[in-house]
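The values are calculated or read from the model by the stated rules, or taken from the named source; none is laboratory data. The structure presented is a predicted model; accordingly, all values stated were derived computationally and were not measured. Cβ sites come from the backbone with ideal geometry, for glycine too, and all protein chains shown count toward neighbours. These accessible areas exclude ligands, DNA and RNA; they are computed on the full protein's heavy atoms, side chains included. Shrake-Rupley method; radii C 1.70, N 1.55, O 1.52, S 1.80 Å.
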Amino acid sequence: MESNHRILLAEDEPKLGQIVQEELTREGYQTDVAYDGLVAEKLFKEHQYSLVLLDVNLPYKNGLALCKEFREAKKHIPIIMLTSLGEINDKLDAFNLGADDYIVKPFHFNELFARIKVFLKRSDPGAEPSDKLNISNLEIDLLNKTVVRGDTNINLTAKEFALLALLAKSKGKVISKQDILEKVWGLSFDTGTNTIEVYISFLRNKVDKPFDTKLIHTKPGFGYFVKEL
């Protein structure tokens with residue numbers, strides 16, 4: 001079994017760390033092991049990881065401090081704590097600092113692998129999901145619901161933003177009117193009105209008209225797409 005996923009394992013017990021690394025490798029995951037917090041911190045900054053396994057009691061910098069730091073640096077990376085501390089307050093501390101899961105030692109490898117697979121399935125393979133979409137000089141912030149083109153802030157209504165985000169997420173692929181109706185307006189049927197055409201016109205006036213390069217395009221009979229041509 002081969003995988004494009006790379007895992008960071010921070011574990012202060014060398015023997016256990018080696019066993020877990022061997023089992024992860026057998027499952028097809030490329031795994032880097034750090035036996036103290038400072039090495040884990042260094043590896044995290046140097047490589048792109050799909051998931052992190054963190055022991056709490058690490059020398060020099062403990063797992064909870066690393067969890068907080070890693071979560072602030074990469075909001076979407078799955079972090080699973082591996083620890084002998086099983087009290088509810090210990091778990092709450094970890095979750096409050098950004099941990100996604102908490103496995104108490106000793107654990108079964110089947111349980112660990114099952115949880116790893118769940119978290120990796122939720123994220124895009126080998127890539128950090130982003131809160132921002134960029135096309136040419138257009139930036140769409142999905143978290144803060146803002147749109148900027150060049151140095152210009154563009155004010156959109158909620159429906160205009162939803163329509164633009166949908167088109168941008170398709171990465172240049174044509175989106176049909178029916179898909180737009182379903183995903184932006186929640187309608188499973190064509191109302192026969194020209195609502196979509198009107199909103200496309202609104203977007204073009206705000207996003208394209210003031211700029212030389214046009215990004216919003218129509219493919220007659222098929223739908224719409226956003227791309228720099």
Among what's in the stretch 144-170 and is touching a residue at least 24 places away in the same chain (Cβ under 8 Å) and part of a helix (DSSP H, G or I), pick the residue that is most open to solvent (accessible area, probe 1.4 Å).
K169
Exception for K173 within (1) within 17 Å of E160 (Cα to Cα); (2) exposed (fewer than 13 other Cβ atoms within 10 Å of the Cβ); (3) of a type in the set (K, R) falls at (1)
Taking T157 as the residue in question, decide whether it is of a type in the set (S, T, Y) and under 21 Å from D131 (Cβ atoms).
yes
Anything in the stretch 14-27 that is surrounded by 12 or more Cβ atoms within 10 Å (Cβ to Cβ) and out of contact with any strand residue (DSSP E or B) (no Cβ under 8 Å at 6 or more places or on another chain)? List them, or say none.
L16, I19, E23, E27
I want to confirm something. Restricting to the stretch 202-229 and keeping residues that are more than 18 Å from V148 (Cα to Cα) and without any contact (Cβ under 8 Å) to a residue 24 or more places away in the chain, which single residue is most open to solvent (accessible area, probe 1.4 Å)?
L229
In the stretch 180-197, residues that are modelled with pLDDT under 90 and either among the basic types (K, R) or assigned to a helix (DSSP H, G or I) (or both) total 6
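Looking at the stretch 68-83, is at least one residue among the small types (G, A, S) and farther than 28 Å from D131 by Cα? Explain how you work it out, then say what you get.
Our first condition is that a residue be among the small types (G, A, S); within the stretch 68-83, this holds for 73.
Among the residues that remain, those that are also farther than 28 Å from D131 by Cα are: none.
No; the residues of the stretch 68-83 include none that is among the small types (G, A, S) and farther than 28 Å from D131 by Cα.
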Is there a residue being under 30 Å from K75 (Cα atoms) and not in a helix (DSSP H, G or I) anywhere in the stretch 198-213?
no
Does any residue in the stretch 42-61 that is within 15 Å of Y29 (Cβ to Cβ) come within less than 8 Å, Cβ to Cβ, of a residue that is open to solvent by 50 Å² or more (accessible area, probe 1.4 Å) and at pLDDT 90 or above six or more places away or on a different chain, and which pairs are these?
H47/R6; Q48/R6; Y49/R6; S50/R6
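What strands (runs of 3 or more DSSP E) lie completely within the stretch 34-143 and have 3 or more residues being open to solvent by less than 20 Å² (accessible area, probe 1.4 Å) and on the phi < 0 side of the Ramachandran plot? If you could, list the steps in order and put the result at the bottom.
Details: elements: 51-55, 79-83, 101-104, 132-135, 138-141.
Strands (runs of 3 or more DSSP E) meeting the threshold: 51-55, 79-83, 138-141.
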For the stretch 80-91, does any single residue satisfy the condition of being in contact with a Phe, Trp or Tyr (Cβ under 6 Å, 6 or more places away or on another chain) and either among the hydroxyl-bearing types (S, T, Y) or touching a residue at least 12 places away in the same chain (Cβ under 8 Å) (or both)?
yes
